[in-house]
Amino acid sequence: MTGPEGVVDSPVDWVAEHIRQYEDSNGTQGHLWRGLPTLLLSTRGRRSGMWRRTALIYGRDGDNYLVVASNGGAASHPLWYLNLTEHPLVRLRVGADRFEAHARTAAAAEKQRLWPVMASVFPTYDRYQASTGRDIPLVVLEPHRV
């Protein structure tokens, strides 16, 4: 579904509904999903060039936001992760706040420090990592400072 901002929302029905509630309520509904903090991440499609939006659980490291490209422990990376590796300028919505950020994959030592932050937010990430042969990326989203 394409939203009024010209962004294509996740094709997964429950994610699209989560995004719709988040947007329609200006972030008051949807920011917490099942008690977990979520943000809306928009990435530019690496092939289409279209903006694509999904909802993700997040953590914090100072001013930065953290997300995990777990894809539910699947063998492949999620498409949003592939998009941001090609186009690292992303758009975020956290609650009522909207801003741009630079996305980067945490280096090994940084990931070692930050993974426990995300596992404390959503302990299932540890199970996802154990169930897949790929190294699940941890993404650091650095808000643009104006």
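Data overview
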| item | result |
| --- | --- |
| SER10 small (Gly, Ala, Ser), modelled with pLDDT of 95 or more and more than 20 Å from ARG127 (Cβ to Cβ) | no |
| Hey, TRP80 out of contact with any helix residue (DSSP H, G or I) (no Cβ under 6 Å at 6 or more places or on another chain), farther than 23 Å from PRO11 by Cα and part of a helix (DSSP H, G or I) or not | no |
| Candidates LEU89, LEU138, filtered to the one that is in contact (Cβ under 8 Å) with a residue 12 or more places away in the chain and under 12 Å from VAL68 (Cα atoms) | LEU138 |
| Residue selected from region 15-58 under the condition of a type in the set (Phe, Trp, Tyr) and touching a residue at least 60 places away in the same chain (Cβ under 8 Å), by the criterion farthest from TRP115 (Cα to Cα) | TYR22 |
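Residue-wise test of (1) at pLDDT below 95; (2) of a type in the set (Ser, Thr, Tyr); (3) surrounded by fewer than 20 Cβ atoms within 10 Å (Cβ to Cβ); (4) assigned to a strand (DSSP E or B).
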site: ARG20; (1), (2), (3), (4): yes, no, yes, no
site: GLU23; (1), (2), (3), (4): yes, no, yes, no
site: GLY30; (1), (2), (3), (4): yes, no, no, no
site: LEU41; (1), (2), (3), (4): no, no, no, yes
site: GLY49; (1), (2), (3), (4): yes, no, yes, no
site: LEU56; (1), (2), (3), (4): no, no, no, yes
site: ARG60; (1), (2), (3), (4): no, no, yes, yes
site: LEU66; (1), (2), (3), (4): no, no, no, yes
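The values are calculated or read from the model by the stated rules, or taken from the named source; none is laboratory data. Quantities reported herein were computed from a predicted structural model and do not represent experimental measurements. Cβ atoms come from the backbone with ideal geometry, glycine included; neighbour counts cover every protein chain shown.
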